[in-house]
Structure formats: structure tokens, C-alpha cells
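S.K.: Sharing a structure with you now.
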Amino acid sequence: MTADVELEAVTVRFGTFTAVENASLKIEGGEFFSFLGPSGCGKTTILRTISGFIEPSSGQVRIGGRDMRGIGANKRPTALIFQSLALFPMMTVAENVAYGLRVRGASKSARMKKAEELLNLVALGDQGGKKVDELSGGQRQRVAIARALAVEPQVLLLDEPLSALDLKLRQHMRNELRAIQRRVGITFIYITHDQGEALTMSDRIAVMNAGRIEQIGDGRSVYTAPRTAFVAGFVGENNAMRGKVASVGEGFAVVETPLGAFRGTNPLGLTAGAPAVLFVRPEALHIGSTENACTAATTEVAYEGNLTHVGLRADDGSHLLVLLGGGETRSAPPIGARVGLGFDAADAIVLPPG
Amino acid sequence: MLASVGHPFVLALPVVVLAMFLWIARRERRLGLVQGPGYFQRNGVPIGLFLLIAVLAWAVFMIVLPQLFMIELSFRPKLPPSQTFGPRDVYSLQNYHYFLYGSPTSSANWNTVHLRAFWQTIVASIVVTFANFALCYPLAFYMAQVAGAARVRFLLLLLITPYWVNEILRAFAFRVMFASSGLINKLLLAGGLVAEPIDFLGLDVGMYAGLGYAYMLLMVFPLYNAIEAMPKAQIEAARDLGAPWWHIHLFVVMPFARPGIASGCTLVFMLTAGALAAPLVLGGPRSLWFTPIVYDRFYQAFHWPQGSAYALILLLTCIAFVLAVMRIGKLSLVEITR
Ligand SMILES: Nc1ncnc2c1ncn2[C@@H]1O[C@H](COP(=O)(O)OP(=O)(O)O)[C@@H](O)[C@H]1O
Ligand SMILES: [Mg+2]
């Protein structure tokens, strides 16, 4: 069974410090939802508020439509996977997985049967008798998932569960987690500071900054249509050009920057005279293009096979990044060359500075 | 066997054991099992010699020899000084026999007084140890997992300061508190809760309170250390999985802190069973504690061999009991000394 999770104007304060400010959102049942943000922005605090370890200073948490005020962590239909995993070192793998059932008074045989079932689900079927510290990092990770799933939560909360793993394992576990989520069909609320993780796994992402939710949307919309300068800068690479709106018209705005005047989309309807930042993705910035053109000197070329990163210094000293993909990679300019750059106005976005 | 023969043997025993160690060490070096610079090369001769002599002298004279002599003495009869090492000074089990039957030779009657005191001491020590654990566990948990650093320092100070006072004085303080005209009775009388003062000392309430308090620190510290090493996230994980608080303590915290629990309980049990000050000062007229009996063997009966035998019986029983409990709890000695 799955449940939706609603936050309504949730604020969490520690003394005078506000860790989460006025967070409101609705996570649908069965959704894979991520909170993405830099370290210290309040992600763990939100998760702990949902799981019941922290009572919000104001606002309401509802799970499956039920107000969770006064309901302790042990009574909520959620299960949390801790950043540190927090497996029990004095128990075997199977006992760890079965702990939640033991709490519920299940018989030993029923517990062990369920533990075996879950260990099979996470591909650890033959490891049940081992001690936790005999497992590798990735295996421990999966034990933690199995232990949380054993209590049949309606919502699974995961706090940066892959951060301790090496790159390869991390990528493997992304697919694994997504597959497990599809199989069990419950709501997953996932926390990460890694945008790649958030983009690849999630149905929707909430981007957080300094305790506030900046934007909620699916990966594509967060990436292609950021609504704040923070989101534009944090999710993926972006070239930022600061300046002032010179003129507006039909969804577009012209921004006057030290590099020249550039046209870009104006989703928030900034008016002339407002300070603004124009963002262009590296893959939307083209060498030799004449629209929205400026010039810059190549400082760095990093060849990555299918992609080439080209770093440039613009005339005002700011850094620009161009991403050449596919057939373009052969045409990377030599270091030191002065090149003309340009972009399609529809690929650029004009936002107020953060 | 004559004591005049056995005595030098006891003296020689540590020397023989040391010589054996030395021989083994030389052999291992000769066979190449141990390599690298030798002990004196590493520490230098003066420091090496000092360490060796200091440690050996401490171990041999303070620990090994007194114990060995006590064991040896326990098998000897009580004789006037003139007959020591004489023809009548032979080894026998008569002191142990006396403990069981109340007579050096006859086996007609059981030595009920001593046996009952012994049994009662062991049982009461177990009870005191449990009570101590029940009292100290919440305190240790609070200090290790709940309280902030400043609060912990304050609590530690509160715990330690009373132990600056001598054990006997502390026992007398309890006596003052529990006496018929003592503080507690005064309060009870003033509060109208009782009409007559309660004889706490006669009922051994004072003795058990004193015994329980005497070694509390030795319970709190190992528990505190063990529980402090536990990551908070484990407790939260158990809670998140639905565990009520008692389940978390019983099946998550205590198993984690098992070595600390064993270490604290062992210390408190051994020391309580061997405690002298509290039973001597606080024991009521009808109290039966084994250590005062041992004390009496030495200083009232002036029967040192018998006192030695009694002390040894207590020591060995306690050790056997602790080892048995550890065996049941699947704990090794190495684990609890961690
Ligand atoms: N129990 C607490 N007491 C005081 N401050 C806290 C507490 N927990 C978290 N914070 C603060 O709240 C902010 C957000 O923390 P956290 O939610 O852990 O961030 P994240 O998980 O996004 O890295 C941090 O600045 C942190 O120092
Ligand atoms: Mg965190």
C-alpha cells in the first residue's frame, strides 16, 4: 500500500536558526520524489520531519491525508534509510531485516521467511547469516533497504543513501533503487545533493536552497525551465551573464550585459530596468553562431570522447563553457583562439538574480 | 607434606615461571619467530632495566607472592610460632573441612552458620548487582545519549565527588542517615508516616543501601563508555521501525552495550561479595555477610590459615560464578576488558 505525503507551510527552527522555511508540497502516492540541494540546505531536516523525529515549528505534515501531529516516528507509516545506514552491528543480516517484524511480534519462522524474501528482492539471498560488518558497502546499502521495506511502509524515505559508495556502484544502485521502487510501488522520497542522481531516478524533484524550496518539477522542467537563478545555476552547468533588462516583448527580454545585449526568454515577465541574469546552457552555446553573438578566447579544451568541454574567457573576463557533442567534437578550436559565440534566443532564459 | 618443604617451593614458583618465560622468549628469537631490535636495544639499558624491575617487583611482591602465600597458608594448621615449620606443620584440607562441617576433622554436622552466610552473601551480591545495574543503566544512558556535554560533566562531578570520602566514613554517613534517630526516621516521624522509628539497620536496609552505593561508579563508567560508543542513528532506526522504548533498550542498546554491562556487573559483583566496610559498619546484629566472618577468622580467632581458606573460597566461588555467567552470555574476557 502506498500513501501521498503533503507538507503544508512547514517551518522547522532550531533555536533562532530556521532550517526549513514554509515548505509546501504534495508528493503523490507511488511517486519517486527527490529533494535536491547543496549540503546544509535542510534536506535531512525535511526528511526527519516527515518521518517524525522532528515536529515542525509550524505547519502540518499529512501522510495519506492524515495529520501526523503528535504521532511518533515509531507509529508513522514511513521507514527511513539513514545516511549512515544505522544497521545493528550485533545482529546478523537476516536479524537486521527482521527487526521491524520482531517489534510487531511476528513469530520467528514468519520473520525469517519474510527476511529471506526481502533479501532475495535486494539480491542478498545467501547473505542472511552473515554479520553486518562482513558485507561490502553496496551490500550493506541493500540490507538497509530490505530492513526498511520489511515493515511494509507506505512511504520510504532515503537520506543520501548512495553517497558512501564509489561511482560505479552508485550508478548501478540508481537503477536498482528505481527498479525496487517500481516493484514495491510505494512512495519513495529521496534526498541527494547529486543532481545526476535526482535527474535520472526521480519522477519529480524539489530543488532546495537555504531551507526554502525553490522549484518543484520533473527533471526535464527543472533542467530546461528553471524559475530561479539558484536552480539554473545548481542543476546542470550553465553560463550566467549578469546585467539589466533593456527591453521586453512577446515573452522575450533583451538583457544589457558587459558582453553586449542578448535576447532570451522571459518566463517570469521581468520588466525593463530590472536587474537580471541571462542563462545559456553550454550545449546551447554555439561556436560561430551569429545570433546573440559575442567573442571569447579559448582557454581549455577537455576531450571526453562523445563530448568535448571547451572553456573560454569572454572579453569582460568572465568564464564561459561550451559543450560540443557528437560530430561537433572534431571542430573544437585550438587553445588561445578567439572565436565568435552565439545562441538561439529560445534557448536562453532571463531570471532575476538570486 | 611438611610446610618446611612446601614453603620454599612457593617462593621458587614465580622464579621458575619467569625463567620459563625468559627461556621461551630466547627460543623464539633463536628460531627467528621474533625479529627486530631486542627489548634493551629498543628502550636502552637504564630505562629497560628500570621498567623491568619496577613492573616485576610490583607484580611479584604486590600481587603474585601475597596470593601464593595465602593459598599456601590456607592448607596449613594453626600453630604457635615456636612450632611453625616444625613436624606438625603439614599441609591438609582441614581449614576447608572446617568451612563445611564446623570442625577440622569431624563430618558429623554441617557448619550451618558459615555456609548460610556464604550462600546469603553470594545471593545478596547478585541482587545488589542487579539493583545497581537497574539504577545505573538509565543514568548511564541519559549521560551517554541524551544529555549535553555540560550536563554530563556536571553529573560526573556529582558522581565522583562522594568517592573522595573514605569508604568507611561513607558507611558511617549511611549509619547516621538510617539510624533509629537518624535523618530518615526523623523525616518519617515528622511527616507522620510512621508512629515508631523503623530499625533500618537491624533490617539490613542500611547495609544493602551502603553496599549498593559503594561501587556504583564502577557500574556507571563501563555502561557509559559502552553506550556512548553507540551511534544515535541506531536508536532512531529502531524507533523508526516501530520499536517502543523498552524494546529499543532491551534488544538494541543492551546487546550493543553487552561488554560494558558484563564488565560493570562483574566488577560490582566481585567487589560487593568481598566488601567489608559496609557490612561491618552497617550490618545489623542478625546480618549474615561472609566477609566479616573472614575478618573474624583473622583478627578474632587469630586463625590465619582458616581466614586464608575462607577468603580463597569466596574468591574462587565468585570467579567461577562470573565465568559461568559469561559462558552463558557468550562473552569472552577480552571483550569485557575493552
Ligand atoms: N538538531 C539540530 N540542531 C541545530 N541545528 C541543526 C540541527 N539539525 C540540523 N541543523 C542545521 O540545519 C541545517 C540543515 O541541516 P540538514 O537538514 O542536515 O541539511 P542537509 O541534509 O541538507 O545537508 C544545517 O545548517 C544544520 O546545521
Ligand atoms: Mg543531510
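S.K.: Give the residues of the range A:28-66 that are out of contact with any Lys or Arg (no Cβ under 8 Å at 6 or more places or on another chain), under 17 Å from residue A:186 (Cβ atoms) and away from ligand 2 (no atom under 16 Å from the Cβ), sorted by residue number.
M.R.: Hits for the range A:28-66 are A:28, A:29, A:30, A:62, A:64, A:65, A:66.
S.K.: Now a separate question. Can you name every residue in the range A:243-291 that is exposed (fewer than 14 other Cβ atoms within 10 Å of the Cβ), under 10 Å from residue A:351 (Cα atoms) and touching a residue at least 40 places away in the same chain (Cβ under 8 Å)?
M.R.: A:275
S.K.: Here are some conditions: (1) among the hydrophobic types (A, V, I, L, M, F, W, C); (2) closer than 28 Å to residue B:303 by Cα; (3) loosely packed, with under 12 Cβ neighbours inside 10 Å. Residue B:85 meets all but one. Which one does it not meet?
M.R.: (3)
S.K.: Residues that are within 26 Å of residue B:176 (Cα to Cα) and more than 10 Å from chain A (Cβ to nearest Cβ): which helices (runs of 4 or more DSSP H) entirely in the range B:217-315 hold 1 or more of them?
M.R.: In the range B:217-315, B:258-273, B:277-282, B:290-299 are the helices (runs of 4 or more DSSP H) which contain 1 or more residues that are within 26 Å of residue B:176 (Cα to Cα) and more than 10 Å from chain A (Cβ to nearest Cβ).
S.K.: Let me confirm something: among A:69, A:76, which residue is more than 16 Å from ligand 2 (Cβ to nearest atom) and more than 10 Å from chain B (Cβ to nearest Cβ)?
M.R.: Matching residue, one of A:69, A:76: A:69.
S.K.: Against the definition (on the phi > 0 side of the Ramachandran plot and modelled with pLDDT under 95), how does residue B:242 come out, yes or no?
M.R.: yes
S.K.: May I pose another question? Could you tell me whether residue A:225 is more than 14 Å from chain B (Cβ to nearest Cβ), in contact with a Leu (Cβ under 6 Å, 6 or more places away or on another chain), within 30 Å of residue A:348 (Cβ to Cβ) and touching a residue at least 12 places away in the same chain (Cβ under 8 Å)?
M.R.: In short, no.
S.K.: Ok, one more. Which residue, of B:45, B:113, B:128, B:123, is over 27 Å from residue B:212 (Cβ atoms) and of a type outside the set (Asp, Glu)?
M.R.: On inspection, the qualifying residue turns out to be B:45.
S.K.: With a cut-off of at least 2 residues that are touching a helix residue (DSSP H, G or I) at 6+ places or on another chain (Cβ under 6 Å), name the strands (runs of 3 or more DSSP E) lying wholly within the range A:255-349.
M.R.: Strands (runs of 3 or more DSSP E) meeting the threshold: A:260-265, A:275-280, A:319-325.
S.K.: Now, a different point. Only residues that are more than 10 Å from ligand 1 (Cβ to nearest atom) and in contact (Cβ under 8 Å) with a residue 40 or more places away in the chain: list them for the range A:54-75, please.
M.R.: Scanning the range A:54-75 gives A:56, A:57, A:58, A:59, A:60, A:61, A:62, A:63, A:64, A:65.
S.K.: From the list B:92, B:74, which one is without any contact (Cβ under 8 Å) to a residue 60 or more places away in the chain and not assigned by TED's automatic domain parsing to the domain that holds residue B:315?
M.R.: B:92
S.K.: For the subset of the range A:12-53 comprising residues that are of a type in the set (Lys, Arg) and away from chain B (no Cβ under 14 Å), which member is nearest to ligand 1 (Cβ to nearest atom)?
M.R.: Within the range A:12-53, the match that is nearest to ligand 1 (Cβ to nearest atom) is A:43.
S.K.: If we keep just the residues of the range A:229-242 that are in contact with a Leu (Cβ under 7 Å, 6 or more places away or on another chain) and either among the small types (Gly, Ala, Ser) or at positive phi (or both), which is surrounded by the fewest Cβ atoms within 10 Å (Cβ to Cβ)?
M.R.: A:229
S.K.: Oh, and also: Got at least one residue in the range A:100-110 being without any contact (Cβ under 8 Å) to a residue 24 or more places away in the chain, among the hydrophobic types (A, V, I, L, M, F, W, C) and away from chain B (no Cβ under 14 Å)?
M.R.: yes
Conditions (1) away from ligand 1 (no atom under 16 Å from the Cβ); (2) in the same structural domain as residue A:293 (by TED's automatic domain parsing); (3) small (Gly, Ala, Ser), marked per residue:
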| position | (1), (2), (3) |
| --- | --- |
| A:174 | yes, no, no |
| A:188 | yes, no, no |
| A:203 | yes, no, no |
| A:242 | yes, yes, no |
| A:262 | yes, yes, no |
| A:266 | yes, yes, no |
| A:269 | yes, yes, yes |
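S.K.: Taking the range A:79-98, which residues are away from ligand 2 (no atom under 16 Å from the Cβ) and more than 13 Å from residue A:116 (Cα to Cα)?
M.R.: Selection gives A:79, A:87, A:88, A:89, A:90, A:91.
S.K.: OK, next. If residue A:93 meets every condition in (1) buried (at least 18 other Cβ atoms within 10 Å of the Cβ); (2) within 7 Å of chain B (Cβ to nearest Cβ) apart from one, which number is that one?
M.R.: (2)
S.K.: What tally of residues in the range A:1-13 results from selecting those that are modelled with pLDDT under 95 and within 16 Å of ligand 2 (Cβ to nearest atom)?
M.R.: Total satisfying the criteria: 0.
To keep it simple, each residue is scored yes or no on (1) under 26 Å from residue A:76 (Cα atoms); (2) more than 16 Å from ligand 2 (Cβ to nearest atom); (3) in a strand (DSSP E or B); (4) modelled with pLDDT of 95 or more.
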position: A:145; (1), (2), (3), (4): yes, yes, no, no
position: A:168; (1), (2), (3), (4): no, yes, no, no
position: A:183; (1), (2), (3), (4): yes, yes, no, no
position: A:190; (1), (2), (3), (4): yes, no, yes, yes
position: A:213; (1), (2), (3), (4): yes, no, yes, yes
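S.K.: Another question about this same structure. Please go through the range B:230-272 and give me each residue that is touching a Leu at 6+ places or on another chain (Cβ under 8 Å) and closer than 18 Å to residue B:136 by Cβ, ordered by number.
M.R.: B:257, B:258, B:259, B:260, B:261, B:262, B:264, B:267, B:268, B:271, B:272 - these are the residues of the range B:230-272 that are touching a Leu at 6+ places or on another chain (Cβ under 8 Å) and closer than 18 Å to residue B:136 by Cβ.
S.K.: Looking at the range B:133-216, what helices (runs of 4 or more DSSP H) fall wholly within it and have at least 3 residues that are loosely packed, with under 15 Cβ neighbours inside 10 Å?
M.R.: Qualifying helices (runs of 4 or more DSSP H): B:149-160, B:167-178, B:183-190.
S.K.: Working carefully through the options A:162, A:158, find the one that is within 21 Å of residue A:119 (Cα to Cα), within 16 Å of ligand 2 (Cβ to nearest atom) and within 14 Å of another protein chain (Cβ to nearest Cβ).
M.R.: Exactly one of A:162, A:158 is within 21 Å of residue A:119 (Cα to Cα), within 16 Å of ligand 2 (Cβ to nearest atom) and within 14 Å of another protein chain (Cβ to nearest Cβ), namely A:158.
The values are calculated or read from the model by the stated rules, or taken from the named source; none is laboratory data. Everything numeric in this text was worked out from a predicted model, so none of it was measured. Cβ sites come from the backbone with ideal geometry, for glycine too, and all protein chains shown count toward neighbours.
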